[in-house]
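First the structure, in the form of structure tokens, and then the observations on it.
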């Protein structure tokens, strides 16, 4: 009997194992950013509302860690996320927003209805900041350290269970 | 086999569902004036993966983010960047996932080793078949 | 009541499949002593086919009358749908499509039980037993986890399936086409297992299997061709093949079936490639199952997402393990005792066929690797994408030599031939390729692969007719015509693909009403824009006047539709077809300043891709007719011979 005849069965067993393993675990459809540990790329965004300033990458190097929240007024999960952002703000986090492909009047209406936890909001009409930091969807939240370095990425809307994680990440960076 | 429309339904059932009234990025649906540059951009766009779609290149997608990526590609090509530099810039941010063109690397070398192996195997098989005759 | 009848028929059919599995296996074991048991197998297979057909008819019935107490009807149909879509709704969902699959499989099994007499009875018993085994798995799947006849505790007031998006004639008939292909391959699989069990891998086995492979191949070819055209006009970006996992899932069985078809020819004619043919029989069916698994389990991301469900995926994977794992184990244990038969001369028909078989298999391996590779890296939490820039060049390494040999192979004789005998034809083919390369290189601006494709397609188109040289056309067997037409179809499709890739022109333009733009030889004027409404959508419809080379303008009306339930936007492209290509027009949103987004493509000879596909399928049909007629004639001859002998004895 030749060993070669067993090769197809072996390959098939490999396929079965792989397919079975992948079926058994939850699918991770997130595209994670490769910019964790890197400095924020240069950007300057004009303000999204009249009562909050816009944002620029240089402001992040002032020694204070922040949350950078990628969101939009047209995004439904962002509504679900709004109370959690408020809680984060109450616990002392500074949150800056990047509104993706948005209009100032829509932003204002959203903030009026769902609260405004942001200290600054910039308009990103061309997803330039989003592409620059490797974010692939809305909403996403990045933890930025006092030197303007990306430390952590949270993909999707922030749920109640995610709040302590984000607080801890910020806390570790020391204020 | 392709309940394609159903899939579009699934696709748009996500956040994109809400109206985005902002017009698309300037170069999302506009070609570069220089045909050679446009061709280079088009060739590149066909090999970049739309990040918010199921499985489409940014050249085949109406998703707003794909439009923004096309804009990036076109203005970068117009400003003289090479397609490989732009691909590299995106891979730096999103990993190999964003490119449909795998490069030889730690995670992808089998994709290139196997064809070589297959060539040798095919050659060996044919030689055996042809040479010895009953 | 109707639904219960269907369910009862399904249970009975399952029981008969079990019986068929059992009696077949016992008969094989008992050998010559098992005649009594063996006598049960064929009737069981026939009756199983009848019952499954009955069950499917009952499903059609409940859909036709929109019986809303049946869960499947309530969730997939609607009383207001046109009858044709009510009926197609019966298989336009997971449960119904599995029932259709198992029905066709049971009918096919019944048919071989009725008519297939040339194989030794013991091999037939093993084949039918294997067929019962495969069918039983599908029955279990249906009855245990996907019962199409399930009742609702309270009948629904109205069905949920009035989505007009899904009322598409392509969507209604495309999936069954592929299933017929898969089922044909399952029959080939059963033959392969049967022959392996009794070690009777003979030319007769190849002849018995061949019509099923041919039939499957025709359906797969049509399914892929139609699917590709559908994606082309539906997706709205002018692409016709994306190397998407779902597309690959339909291509892989086709590649395996193509190889199997040709290796079965070698086995039938020369009694060689025995183990190889068996292997391909197993591989072809496993590719259909792997494809089904990939599509339904949702473990790979695709544009053409099917209703996915990991639990169903688990079941299909389990079936896959039983069938393919079992068959491969049998292969490993038995194939060593099946000798490969004679060795070949390089310059012979079988020499060329073997070469192409190896190249086809290698191509299949590449497609399989590229499709599964992202799955493999994801197991290590690394995400990669494999797309056209990988598949095209790497596939070409194997496809181009194959196309070259495909031009020459049919000119060679079986057993032993010399290239000297066909030196004039070889010179002609070589000259044509060279001329094509020079011609298209002079035009300039064409990438290497499309250039090779254009040159090869031209040479191959001519070469495919060379086997007719010196034959009396009237006397040429139909099967030879089939080969000629199919090979010519490949050349035609190849030319379309290469031309589309080399000569397509794209124009994205934002134009005001009354303004004109150019794409290739076309002048496009946006004559007007008007709102239109459908049953559950509103749309912006552009009126585009398209004039080819200054000629009489044609009017195209592409739409940008807004559906409200479920809310989504789609673009409806419009095509202007000429003999030398297609204009593809899409209208997008208003740019804001009174200008409208137009996406226009001029794609020279793109239609040849699908005409080629249809020709390939037509060639398959001709070959099938030729083979079946030949079988019938031979059987009549054998019967007369037997009668004469009986008379002589009497």
>> Residues that are within 28 Å of residue B:60 (Cα to Cα) and either in a helix (DSSP H, G or I) or at pLDDT below 95 (or both): does region C:614-627 have at least one?
In response: yes
> Looking at C:527, C:509, C:516, which one is crowded, with 20+ Cβ neighbours inside 10 Å, over 37 Å from the mean Cα position of the chain (by Cα) and farther than 15 Å from residue C:603 by Cα?
Replying inline: C:509
> Which residues, counting only those in region A:15-39, are at negative phi, out of contact with any helix residue (DSSP H, G or I) (no Cβ under 9 Å at 6 or more places or on another chain) and at pLDDT 85 or above?
Replying inline: A:17, A:21, A:36
>> With more than 9 Å from chain B (Cβ to nearest Cβ) and free of Cβ contacts under 8 Å to residues at least 24 places away in the same chain as the only criterion, which of A:109, A:113, A:149 stands out?
In response: A:113
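Kindly state which helices (runs of 4 or more DSSP H) lie completely within region C:305-411 and contain at least 2 residues that are in contact with a strand residue (DSSP E or B) (Cβ under 8 Å, 6 or more places away or on another chain), farther than 26 Å from residue A:3 by Cα and more than 7 Å from every other protein chain (Cβ to nearest Cβ).
Ranges flagged: none.
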> Looking at region A:2-40, which of its residues are more than 9 Å from every other protein chain (Cβ to nearest Cβ), over 30 Å from residue C:365 (Cα atoms) and part of a loop (DSSP other than H, G, I, E, B)?
Replying inline: A:36, A:37, A:40
> Since residue C:448 meets every condition but one in (1) away from every other protein chain (no Cβ under 14 Å); (2) surrounded by fewer than 19 Cβ atoms within 10 Å (Cβ to Cβ); (3) within 30 Å of residue C:610 (Cβ to Cβ), which condition does it not meet?
Replying inline: (1)
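Filtering region B:83-134 down to residues that are assigned to a helix (DSSP H, G or I) and touching a residue at least 40 places away in the same chain (Cβ under 8 Å), which residue is surrounded by the most Cβ atoms within 10 Å (Cβ to Cβ)?
Kept after step one, since they are assigned to a helix (DSSP H, G or I), are these residues of region B:83-134: B:83-94, B:96-98, B:109-131.
Narrowing further to those that are touching a residue at least 40 places away in the same chain (Cβ under 8 Å): B:83, B:86-87, B:90, B:94, B:97-98.
Values: B:83: 17, B:86: 21, B:87: 18, B:90: 24, B:94: 23, B:97: 21, B:98: 26.
The qualifying residue surrounded by the most Cβ atoms within 10 Å (Cβ to Cβ) is B:98.
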> With (1) under 26 Å from residue A:129 (Cβ atoms); (2) within 10 Å of another protein chain (Cβ to nearest Cβ); (3) modelled with pLDDT of 90 or more as the list, and residue B:30 as the residue in question, which single condition is left unmet?
Replying inline: (3)
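Does residue C:324 qualify as being buried (at least 19 other Cβ atoms within 10 Å of the Cβ) and over 16 Å from residue C:194 (Cα atoms)? Give the steps one after another, and end with the answer.
On the way: buried (at least 19 other Cβ atoms within 10 Å of the Cβ): yes; over 16 Å from residue C:194 (Cα atoms): no.
Taking the combined requirement at face value, the residue does not satisfy it.
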>> Can you find, within region A:83-106, the residue that is surrounded by the fewest Cβ atoms within 10 Å (Cβ to Cβ) among those that are more than 13 Å from residue A:46 (Cα to Cα) and within 14 Å of chain B (Cβ to nearest Cβ)?
In response: A:105
> Does any residue of region C:578-600 turn out to be touching a residue at least 60 places away in the same chain (Cβ under 8 Å), surrounded by fewer than 19 Cβ atoms within 10 Å (Cβ to Cβ) and within 30 Å of the chain's Cα centre (by Cα)?
Replying inline: no
> Just a yes or no: is a residue in region B:42-57 within 9 Å of chain C (Cβ to nearest Cβ), more than 24 Å from residue C:506 (Cα to Cα), modelled with pLDDT of 90 or more and in contact with a strand residue (DSSP E or B) (Cβ under 7 Å, 6 or more places away or on another chain)?
Replying inline: no
>> Need a quick list: helices (runs of 4 or more DSSP H) entirely within region C:39-149 having at least 3 residues that are under 27 Å from the mean Cα position of the chain (by Cα).
In response: C:83-89, C:94-115, C:121-140
> How do the pairs read when you match residues in region A:33-50 that are farther than 15 Å from residue A:141 by Cα with residues anywhere that are part of a loop (DSSP other than H, G, I, E, B), using Cβ under 7 Å and keeping only pairs 6 or more apart or on different chains?
Replying inline: A:39/A:148; A:41/A:133; A:45/A:54; A:46/A:54; A:47/A:53; A:47/A:54; A:48/A:102
>> For region C:544-566, give me each residue that is within 13 Å of chain B (Cβ to nearest Cβ) and either closer than 20 Å to residue C:516 by Cα or in contact with a helix residue (DSSP H, G or I) (Cβ under 6 Å, 6 or more places away or on another chain) (or both).
In response: C:560, C:566
> Would it be correct to say that residue C:540 is more than 14 Å from chain B (Cβ to nearest Cβ), touching a strand residue (DSSP E or B) at 6+ places or on another chain (Cβ under 6 Å) and in a strand (DSSP E or B)?
Replying inline: yes
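The values are calculated or read from the model by the stated rules, or taken from the named source; none is laboratory data. Worth saying up front: this structure is predicted, and the values here are computed from it rather than measured. Cβ: placed from backbone, ideal geometry, glycine included. Neighbour counts: every protein chain shown.
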